[in-house]
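Shown below is the structure under consideration.
The values are calculated or read from the model by the stated rules, or taken from the named source; none is laboratory data. Nothing here was measured: the structure is a model prediction, and the numbers come from that model. Cβ placement follows ideal geometry from the backbone for every residue including glycine, while neighbour counts extend to all protein chains displayed. To get the accessible areas, we keep the full protein, side chains included, count just its heavy atoms, and leave off ligands, DNA and RNA. Shrake-Rupley method; radii C 1.70, N 1.55, O 1.52, S 1.80 Å.
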Amino acid sequence: MAAGRPVRPAPLKRLIDVVASAGGLLVLSPVMLVLWWMVRRRMGSPALFRQVRPGLHGQPFEMIKFRTMRDATAPDGRPLPDAERLTDFGRWLRATSLDELPELWNVLKGQMSLVGPRPLLMAYGPFFTPEERERQDVRPGITGYAQIMGRNTASWQSRLANDVWYARNRTVLLDFRIIFRTLAAVFAREGVSIDPRAAMLDFNVERAGQLPVLPLAEDDAAEIADLFRRCLAGPARWGTALGSDRFLDFIAGVAMPQDTFLGIRCNGALVAAVHLRRLPEALHINDIAVDESFRGSGLAQRLIRHAAEASASLPLSLDVDAANPAALRLYEGLGFKVEHETTRVVLRREATVPDTGADDTPTLSIMDDAFFRTYGIGYLTLSGREERITIVQPAHLRLPDPVPADLVSAAREFPYHSVQVSRTLADQFEGEIVSTFTTLRMTRDPSAGTRTA
């Protein structure tokens, strides 16, 4: 079957699937009932493991199997490694493939077939090449051609190549050969890896490690802005450049000429990027974003490691939301340590910005598009004092911390719409508190080692 060609109808294959799965569920129901009771007794409830997997044409469905692992977690709440959660009974279920029996129900419902490429994780899909996507032109199977060519001990490249070969050459006769060879392999315990993750990397992690980290240029500005907008959100972003309708102008006209951007592409699309600014005391990570479909594959770690290489003798620094434990674990695993924390408050009130330019009236110098495109971050003149205060939308103030007392007084008089200040100053400003957040400044020494995050 050529790439992009419609899947051939297979009414006989579907008929065999329905008859065999219905008969299997009926005949094997006593065995499945005993296994269900044994799983419940040894590992607790639930006895079935349910997980969303990609089916025909990549459409998600809920696959069901017997559980083989305990729900054990580390002190920080993260699940323990599979090898530590896998029980002896679970190992036996996997070795005999009895954990797959509930999938007969998926076959009966038309979500799977007796024979076809095994349904992999949803996270793997974005890393498939166009040719590898052909494996999704057929229903996933309980067993498949790749399984008889090595079961789960074959490399990912070999396994996916065999899946594509099956999708292009499938016949009912081939299905029967695969079923008979699968049964023979199960009884002989051939090609079995009880814990595949102990023998090889997850496919998305392996493939992500092969994607190059590239410097990004002005032509990439629109993709960078779109990626950051989609991936970075939360109360800490209120009133920042990210929330401005001129964010693309800021990236292209302000940040890119003076800062460094690194990115990772997969199948041509920008899926991860980091914005670096060189300060006298550190190389600061302004923003880092990974497309949701590619998270958990190690792309953020690779970008940070490349940033560390670019920092030379300077430490790396970044700010992270304290309410994001996953990010904290990631950065701690990469050698970052918390230096200090800052709690800030955003207050909002209805007000208008005066358009007069009189010397005794507060004015915004960021009123025209050309100025914003040139500088991005504007100056605000308060009572004759000019301070560098971030202005990304009319009448939004972000006061520095610490802030001089006379600047606080001037800011209070300014007809702001919203203001972001440290928590200790919140009671000195009018407005409704719309968000409170704590930011942690983390740094990584150039000589810091890296442990698995």
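Tell me, what is the Rg over Rh of the stretch 246-338, with Rh the Kirkwood radius over Cα pairs?
Looking at the stretch 246-338, the ratio lands at 0.96.
Under a straight-distance cross-link criterion of Cα-Cα below 18 Å, which lysines are reachable from Lys65, leaving out those fewer than 8 residues away in the same chain?
Candidates past the 8-residue exclusion: Lys109.
So which GluC sites (Glu not before Pro) in the stretch 66-139 pass both tests, a DSSP loop state and at most 16 other Cβ atoms within 10 Å of the Cβ?
Glu131
Keeping all protein chains in place and using 1.4 angstrom, which order do Ser435, Ser155 fall into by accessible surface area, from largest down?
Ser155, Ser435
Something else now. Which three lengths, in whole Å and largest first, does the stretch 12-160 cover when its Cα atoms are put on their principal axes?
Computed over the stretch 12-160, the largest-to-smallest principal extents equal 42, 39, 26 Å.
I need the shape label for the stretch 126-167. Rule: rounded when a/c is under 1.5, else prolate if a/b > b/c, else oblate, with a, b, c from the alpha carbon gyration tensor.
Values: a/c = 2.01, a/b = 1.28, b/c = 1.57.
Note, shape of the stretch 126-167 comes out oblate.
If you rank His275, His417 by how much accessible surface each has, with a 1.4 Å probe, what is the order from largest down?
Putting His275, His417 in descending order of accessible area: His417, His275.
Could you order peptides 31-41, 88-98, 136-146 by the average number of other Cβ atoms within 10 Å of their residues, highest first?
136-146, 88-98, 31-41
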